[in-house]
Amino acid sequence: MLRDSNLRDALRNATSGPHQRLDVELSRLDLADDQDRRAFCMVQRRGFSRLAEACGWDAAEATTALRDTLEALDDDLGSAPASGPGLDLPLHRDAVAYLMLGSQLGTAVLRRRLPEPPLRGFFALTGDRGAWRAFCQRLATQPVDGPEAQRVLRDAIRAFSIFEHEARALLSALADGAL
């Protein structure tokens, strides 16, 4: 069995299962449908809001992208009510950056499924490829052994779980006609 040589590779491998489970949940939504697209954006806002609180709004190279994403989601959905104190355990900034910057790549693919190109809001955001490259280069130099790297791996898996929980809750509400 090959061992991951750096934190970047370890993150990709450790989160492949949680990432796939989240994709399966979200693929139940038809982004060409206005209601489903709104539900998708609600999942994104709830998930990224929780991640932002859990990392204290410090998401390494993704801090600006995180703020911009939440502002764009507010544009799509209306302002979010003020959140109370975060109930999630703290997340490492690199775990949040991994999800935030990686999600921008996924959003670029999903954007192609929309009936019309978005002019504003979440799907109009262009990903910060420079931040993604810088993040990947930095993590490619970090070893996987050591307590900090292990925390990043655990926290990235937890961050995917946060999104999976939000997706399931919203999809359930959508199926029940509560949205």
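Computed from the coordinates by the stated procedures, all read-outs in this text should not be read as laboratory data. Please read all numbers here as calculations on a predicted model, not as lab measurements. Cβ placement follows ideal geometry from the backbone for every residue including glycine, while neighbour counts extend to all protein chains displayed.
Table for the structure above
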| read-out | value |
| --- | --- |
| Karplus-derived HN-Hα couplings along region 3-15 (A = 6.51, B = -1.76, C = 1.60, θ = phi - 60°), whole Hz, x at Gly and Pro | 9, 4, 8, 8, 5, 4, 5, 5, 4, 4, 6, 5, 9 |
| Region 1-77 - convex hull of alpha carbons, volume per residue in Å³ | 115 |
| Vicinal HN-Hα couplings computed from phi for region 162-167 (Karplus, 6.51 cos²θ - 1.76 cosθ + 1.60; Hz; Gly/Pro x) | 4, 5, 4, 4, 5, 5 |
| Computed over the chain, Cα set: Rg, Dmax in Å | 16.1, 49 |
| Dipole magnitude of region 115-179, debye to nearest 20 (Cβ charges: Lys/Arg +1, Asp/Glu -1, about Cα centre) | 220 |
| Region 115-179: trypsin sites (Lys or Arg not before Pro) falling in loop per DSSP and having at most 16 other Cβ within 10 Å | 120 |
| Tilt relative to the chain, helix 34-54 - C-alpha long axis, 0 to 90 degrees, to 10 | 40 |
| Choice from 68, 145, 76 with maximal GNM fluctuation in the chain (Cα, 10 Å cutoff) | 145 |
| Angle in degrees between helix 63-77 and the longest Cα principal axis of the chain, rounded to the nearest 10 | 10 |
| Unit charges at the beta carbon, dipole of the chain: most positive-side option, 136, 77, 5 | 5 |
